[in-house]
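Novice: Pasting in a structure now, in structure tokens, and then I'll have a few things to ask.
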Amino acid sequence: MARRWDPERRQRIIDAAIRVVARAGIAGLSHRSVAAEADVPLGSTTYHFATLDDLLLAALRQAGEDFAATVAARRSLSDPDTDLAAELAAWMGEWLRGDRSRLELEYELYLAALRRPALRPVAAEWAGVLAALLARRTDTVTARALVALMDGICLEPLLTGRPYDEDYARDALARLIA
């Protein structure tokens, strides 16, 4: 039987890995679970991604690129008249009040780098992209501090179940920006 040419297969596998992690966490990720989710032969997942770390790396990179594109599309970062602290606090509110599954997935992939050193460069890229976008309005050190603060503020309601406090976030971010 001739091999069927499928140029989108690699991307479908990555998308399937993201769905598996969103549904079952990283512990539920396997070549077999991703192959079933993507509706591809098991050999296709191992052909494109020799190890689970390779697959997680691709999923993390995809999630990071999606996040960066979403943030970059917000024109307010380049508007010097926009209250940056209020804008960032509002963004976090949108992320936390909406469907949290995507945000939970992104943090799960991001935090997987704690135990998987191969993922660390991509996790650092993710934070670096956001810091670079914020550095357009602040200095580099402040931008990096804002990213760290935003991560902490977002993780708190995700981990504790407490509601997001936009006023607190705006005030905390404003202290760093000033």
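The values are calculated or read from the model by the stated rules, or taken from the named source; none is laboratory data. Here the structure is a predicted model, which is why all the values come from computation and not from measurement. Using ideal geometry, Cβ is built from the backbone for each residue, glycine included, and neighbour counts are taken over all protein chains shown. These accessible areas exclude ligands, DNA and RNA; they are computed on the full protein's heavy atoms, side chains included. Shrake-Rupley method; radii C 1.70, N 1.55, O 1.52, S 1.80 Å.
Novice: If you go through region 5-45, how many residues are open to solvent by 20 Å² or more (accessible area, probe 1.4 Å) and either in a helix (DSSP H, G or I) or within 14 Å of residue 60 (Cβ to Cβ) (or both)?
Specialist: Residues that pass the stated criteria total 19.
Novice: Scan region 46-64 for residues that are out of contact with any Phe, Trp or Tyr (no Cβ under 9 Å at 6 or more places or on another chain) and open to solvent by 10 Å² or more (accessible area, probe 1.4 Å) and report the count.
Specialist: Here the count works out to 9.
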